[in-house]
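Here the structure is laid out as structure tokens; the discussion comes afterwards.
Quick note: the coordinates plus some simple rules give every number you see, no bench work behind them. Model, not experiment: these values are computed from the prediction. Every residue, glycine among them, receives a Cβ derived from its backbone with ideal geometry; neighbour counts consider all protein chains shown.
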């Protein structure tokens, strides 16, 4: 019922990194609690995001500038040059002024087998951004600069796209994830450190360009496991009132976006969570949707997350970037270490969008099997079972599901599984997206700190 998920395991909690409230000059708001050092709850995961005024002042600028304010960002000051870009999906060639920012090198706390980037940006008509990542191997040599995404919120200038299959023979980009090739067979080769390069584009001679509010990545040493030890439930029931939307009611609608709603689990989950925070598309945003269609905002989300190379709406950073286009929203892709971490976020009022794959008999009550599916965790029962808004449901009323804790935990956190043919394949290993207001509450910040996102 969902689109197959290629090898691209990286999660979604880092969004909170952008969430630390700032004021002009880059000083933290008095409302924000002190940021503790990350605990040992997730020793295989490391997050690093740039989002404050002082962050944007750091690094290397070629035509870019840091912009202060209640939400600091990165913008074009004076273009560093002009380049032609031929869109591989439309064949159109156009000239663009550009400027770049290269982050400081981040030495990861975890020598990693995977890395995935996230960014939050505003891209008005006539602008777009490119995000690249370069790593240093444990043997001291470097990867190439890999393109992790070319992105714009609209489709009028370029088509949003990943560049699958970039490789140097030791690491490969799989849609949205940079992964070490066969890490178990490469003498322990890992990514020791990494840095980002952002390229901001605008039409020649334009006075304004894009603004980037957050950029960074999550790196992880993905464990090789078919099962995970069960966690102890908190014993407290808690459920968030997240809107319920079915992807299935959209089957056949706008097939140019990954064959219509049958494969729209990711944008449907994104839209539920965005609306939980009180944000919605405008009437103008939805004007293109057939007025006879129910839940037109889900169609809008699918169109706004579609990756023209992947040919689907399941690119994880593209979903996070879409969420950040809404007023004062921040979003990231990351990985969580346990269901206990997820419970911590739920208790703080933060829904968690998760990725999992399973056979139908592995998740009681699902009624389907999937090679990759996105749902939104909205709560826990008193017994610790998972309450999820599962978009793979017949209609909106059927979206709320309760899944057995140990079953759900295993299909979400494991990194290896066997498919219906008995073949050993990858699993997602705790991937999730986190969407929160750019200025979250104290309890939300504390929860995000405690799970190692910021």
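Below is a table of values for the structure above.
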| read-out | value |
| --- | --- |
| The stretch 238-450 shape via C-alpha gyration tensor axes, a/c threshold 1.5 | oblate |
| Distance in nm between pseudo-label sites at residue 293 and residue 89 (7 Å out along the Cβ direction from Cα) | 1.6 |
| Gain upon complete extension [residue 368, residue 283; 0.36 nm per residue less C-alpha separation] | 27.1 nm |
| The stretch 268-322: Cα Rg divided by the 2.2 N^0.38 Å rule of thumb | 1.12 |
| Cα pair distances in the stretch 77-214, grouped into 10 Å bins until the bin that holds the longest one, percent each | 12, 39, 30, 16, 3, 0 |
| Within the stretch 226-254: backbone nitrogen closer than 16 Å to the residue 400 label point (7 Å, Cα to C-beta) | 237-246 |
| Viscosity 1.567 mPa s, temperature 4 °C, Stokes-Einstein D of the chain from Kirkwood C-alpha radius, µm²/s | 59 |
| Extension gain (nm, one decimal) between residue 203 and residue 226, 0.36 nm per residue minus Cα-Cα | 3.3 nm |
| By average C-beta atoms within 10 angstrom, highest first, the peptides 156-163, 167-174, 222-229 | 156-163, 167-174, 222-229 |
| Computed [θ] at 222 nm, deg cm²/dmol, the chain (DSSP H ≥ 4; -39,500 (n - 2.57); rounded to nearest 500) | -4000 deg cm²/dmol |
| Mean projected area in nm² (Cα convex hull; one quarter of hull surface) for the stretch 329-423 | 6.9 |
| Inter-label distance, nm, simple model (7 Å from Cα along the C-beta direction), residue 383/residue 443 | 2.6 |
| Net length gained if the chain between residue 256 and residue 420 were fully extended (0.36 nm per residue, minus Cα distance) | 56.2 nm |
| Percent RCO, i.e. relative contact order, over the stretch 141-247, from Cα pairs under 8 Å lying at least 6 residues apart | 11 |
| Average Cα contact separation per residue, the stretch 233-375, under 8 Å, 6 or more apart, as relative contact order % | 22 |
| Sorted largest first, extent of the stretch 77-137 alpha carbons per principal axis (Å) | 41, 29, 22 |
| Virtual spin-label span in nm between residue 237 and residue 54, 7 Å along Cα→Cβ | 4.6 |
| Length-normalised contact order of the stretch 83-185 in % [C-alpha pairs under 8 Å, at least 6 apart] | 21 |
